[in-house]
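The values are calculated or read from the model by the stated rules, or taken from the named source; none is laboratory data. In this text the structure is predicted, and so the values were computed from the model without any measurement. Here the Cβ positions follow ideal geometry from the backbone for every residue, glycine too, while neighbour counts run over all protein chains shown.
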Amino acid sequence: MPATILIVEDEPAIQELVAFSLRQAGHLPVAAHSAEQALDIVRAALPDLILLDWMLPGMSGVAFARKIKSDAATREVPIIMLTARGDEQDKVTGLETGADDYITKPFSPRELQARIKAVLRRRAPQMTSDPVEICGLRLDPESHRVSGDSKPVELGPTEFRLLHFLMTHPERVHSRAQLLDQVWGNGVFVEDRTVDVHIRRLRKALEETGHDPLVQTVRGSGYRFSATPE
Ligand code: CA
């Protein structure tokens, strides 16, 4: 699954270089030349990750990161700061603001991609193509296959994404609204009930191999993927 990556950078040359490198790695770059513009973009549709230049005209990188991390709607989006070489104070301030990682300019495309991969793996594992396996249920994003105790499980595309998200965020309760944001995408207008419909289909498909009890309803809150029986 390609990750949508917002690049907030006022220098066009760096902006283009980074965008090129992201496309090469199979991601979807979105560009903003100021923090103000970036805020508009984030409000319209949440990116999977933000690459944030520290020195921006107008609102600074720090102020932008604070805004993102203090708003419940945007807090979960990982941020990698782009800082000037050797500026230790910038790094400290950045990490204190809630940035997930930093990368020092100038950086190589390879370094950039490695950092992005590491942050996505940690913060948005459903964006990576690592296979996940819990209690004999295995999902492989690369081949788009699911199996339960080595028997194939047939899933529709939405159920596949839903299961991928749940398996990469187990033992936590997700509200219907959170699942809509994460699985259907921010800004998509579907009813909460849609989630219930797809959860039902997912459970039905998992019944074949007896893995349906892993998808649990948490009354009044939402859904949870758990290896512990209800
Ligand atoms: Ca700059």
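Just a few scattered comments:
- Just so you know, in the range 84-133 the residues that are of a type in the set (S, T, N, Q) and closer than 19 Å to Leu28 by Cβ include one that is farthest from the chain's Cα centre (by Cα), and it is Gln113.
Residue-wise test of (1) outside the structural domain of Ala44 (by TED's automatic domain parsing); (2) closer than 30 Å to Ile80 by Cα; (3) touching a helix residue (DSSP H, G or I) at 6+ places or on another chain (Cβ under 6 Å); (4) surrounded by fewer than 17 Cβ atoms within 10 Å (Cβ to Cβ).
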| site | (1), (2), (3), (4) |
| --- | --- |
| Asp140 | yes, yes, no, yes |
| Arg145 | yes, no, no, yes |
| Val153 | yes, no, yes, no |
| Leu162 | yes, yes, yes, no |
| Glu191 | yes, no, no, yes |
| Arg200 | yes, no, no, yes |
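Yes or no, residue by residue, for (1) touching a residue at least 60 places away in the same chain (Cβ under 8 Å); (2) touching a Lys or Arg at 6+ places or on another chain (Cβ under 9 Å); (3) not β-branched (Val, Ile, Thr):
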site	(1), (2), (3)
Gln113	yes, no, yes
Cys135	yes, no, yes
Arg176	no, yes, yes
Val215	no, yes, no
Tyr223	no, yes, yes
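- If you filter the range 49-67 down to residues that are of a type in the set (A, V, I, L, M, F, W, C) and part of a strand (DSSP E or B), you find that the one that is farthest from the ligand (Cβ to nearest atom) is Leu49.
- Counting residues in the range 139-160 that are in contact (Cβ under 8 Å) with a residue 60 or more places away in the chain and part of a helix (DSSP H, G or I) gives zero.
- Verdict on Ala72 being of a type in the set (A, V, I, L, M), outside the structural domain of Asp181 (by TED's automatic domain parsing) and in a helix (DSSP H, G or I): no
- Filter result for the condition that a residue is in a loop (DSSP other than H, G, I, E, B), aliphatic (A, V, I, L, M) and within 30 Å of Leu180 (Cβ to Cβ), over Val42, Val30, Val77: Val77
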